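One structure is given here, and the rest of the page talks about it.
The values are calculated or read from the model by the stated rules, or taken from the named source; none is laboratory data. Everything quoted here is computed from the prediction, not taken from an experiment. So basically every Cβ, Gly included, is an ideal-geometry build from the backbone, and we count neighbours across all protein chains shown.
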Amino acid sequence: MTLDIGILLALACAFVANLGFFYKHRGANSVPKIDVRHPFAAARSLYSSKWFTIGMITATISWGLHVAALALAPMSVIQVALAAGVVFIAVMADRLFGFEVGRRQWIGLLLMAAGLAVLGITAPTMHGAHSQFSVAAMIAFEAGLFGLGGLLIMGPRMGGPVEHHGVMLGAAAGILFGVSDTAIKALTGITGAHGFLGLLLSPWLIVAVLASIVAFYASARGLQDGDAVPVIAVTGTAANIAGITGGILVFGDPMAGSPLGLTLQAIAFVAVIIAAAMMPAPVRAAGAAASA
């Protein structure tokens, strides 16, 4: 029952989070380009837009749903449920925000749905929240993700194509959200074992806050530099992949126990990745600028 509630909370989180991203996209593109070298001025400029502020309030609600889900279910299960957010992205873009989603995106949605269904069918039964972790694995995983996110943020300076910088920033933001999610998952276990004081004294609280702050600025600038659907899709997908991987490598979430199950899970993971890669195809916004 607890696991089912956690999955339902994760699905609600996915819907609310993507709604917040679209609001933030509308708001970010109604203000001048932000300069992360001046973080306070950048934040003041972003929050001067009512749409960005609404988006951040919505994102805060989704964060609360996410924390509650992580406290009730294994991280890899929660992240697979959150991956359904890619489906919500296309539906919201097409029905609510005036973006035209092409045939390639809808094929990607079907592939995503199939991959998620296989992952759900083949996942072994798990009990408890799976919050115990190896400190060494946690440090290595979080440091590796921080480094990868930094490389993506520095993309153009390292020879990356400037026209893809918005998507690269979205990927960096997603990876850093994954860093924060992994730290938050650890904190749920620490709080359960040592109480609120253990939470306040844990270094993973600093990691979660720092990763969230950097992800905030990377996401906002990515939404300014890139098209809404690709950036939002890549952000969510990167966070999901980081979270699922963290659940398995850091918290020991099990994979299928049989060779057939492992093969099906591997195919399902590949299907999800391919589906995510199909989402950032060119899209057109019908009147999005006018409604900003």
So residue 82 passes all but one of these: (1) buried (at least 17 other Cβ atoms within 10 Å of the Cβ); (2) modelled with pLDDT of 90 or more. Which condition number does it fail? (2)
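Matching residues to (1) closer than 24 Å to residue 64 by Cα; (2) surrounded by 18 or more Cβ atoms within 10 Å (Cβ to Cβ); (3) basic (Lys, Arg):
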| site | (1), (2), (3) |
| --- | --- |
| 196 | yes, no, no |
| 220 | yes, yes, no |
| 231 | yes, yes, no |
| 248 | yes, no, no |
| 253 | yes, yes, no |
| 266 | no, no, no |
| 269 | no, yes, no |
Looking at (1) over 21 Å from the mean Cα position of the chain (by Cα); (2) at pLDDT below 95, which one does residue 50 not meet, given that it meets all the others? (2)
Name the residue, out of 77, 67, 87, that is modelled with pLDDT under 90, under 21 Å from the mean Cα position of the chain (by Cα) and either in a loop (DSSP other than H, G, I, E, B) or more than 17 Å from residue 188 (Cβ to Cβ) (or both). 87
Hey, any hits in the stretch 124-136 for a residue that's assigned to a helix (DSSP H, G or I), surrounded by fewer than 22 Cβ atoms within 10 Å (Cβ to Cβ) and either at pLDDT 75 or above or of a type in the set (A, V, I, L, M) (or both)? yes
Quick one: which helices (runs of 4 or more DSSP H) sit completely within the stretch 164-270 and have at least 3 residues that are farther than 23 Å from residue 81 by Cβ and in contact (Cβ under 8 Å) with a residue 60 or more places away in the chain? 165-201, 203-225
If I filter the stretch 189-198 for residues that are at pLDDT 85 or above, within 18 Å of the chain's Cα centre (by Cα) and either over 27 Å from residue 170 (Cβ atoms) or aliphatic (A, V, I, L, M) (or both), do I get at least one hit? no
If you check every pair at least six apart or on different chains, which have Cβ atoms under 7 Å apart with a residue in the stretch 29-47 that is surrounded by 12 or more Cβ atoms within 10 Å (Cβ to Cβ) first and a residue that is part of a helix (DSSP H, G or I) and among the β-branched types (Val, Ile, Thr) second? 47/53
